[in-house]
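Bear in mind these aren't lab numbers, they're just calculated from the coordinates by the rules spelled out. All figures in this text were calculated on a predicted structure; none of them were measured in a lab. Quick reminder, even Gly has a Cβ in these numbers, built from the backbone with ideal geometry, and neighbours come from all protein chains shown.
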Amino acid sequence: DNNARNQQMDSNEWCYDQIALQNYILSATQTGKNGGLCDKPGKSPDYYHSCYCLSGFSSSQYGPFFEDEENCNLTILGSVSNIVKPVHPIHNIPVGQALKARTYFQKLTENNK
């Protein structure tokens, strides 16, 4: 039942349509000329929007509480060749690097007690 689904979201899902975002990025932000991704059709690609689109694409494939590439439920539009590496949704760096940073700063805090 769609109403029940809207009222109680699965904790492994974002509050947006993950497939729709992937579809938009794949169909509307690629210019096909010299690479890069753009904000919307008709605009020129640039570094900012390329990063922004790839980050959004990654977060739409992995759940909001992703921490383990081995044990995750991917949401993928199309074939597995569309899978990108997981990016931390807050820090916008690879998830593994975010986890290393968290561990590093936790140790600093523990050592300063």
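A few comments on the model shown:
- Put simply, when 77-83, 43-49 are sorted by average Cβ atoms within 10 angstrom per residue, most first, you get 43-49, 77-83.
- Counting Lys and Arg as +1 and Asp and Glu as -1 over every other residue whose Cβ lies under 15 Å from the Cβ of Cys53, the net charge comes to +1.
- Highest-first arrangement of 54-61, 86-93, 27-34, 104-111, where packing means the average Cβ count within 10 Å: 54-61, 86-93, 27-34, 104-111
- Calculated from backbone phi, Karplus (6.51, -1.76, 1.60) coupling profile of region 89-104 in Hz, x at Gly/Pro: x, 9, 8, 6, 10, x, 4, x, 5, 5, 5, 5, 5, 4, 4, 4
- Distant-in-sequence amide H partners of Asp46 (H built 1.01 Å from N, under 5 Å): Leu37
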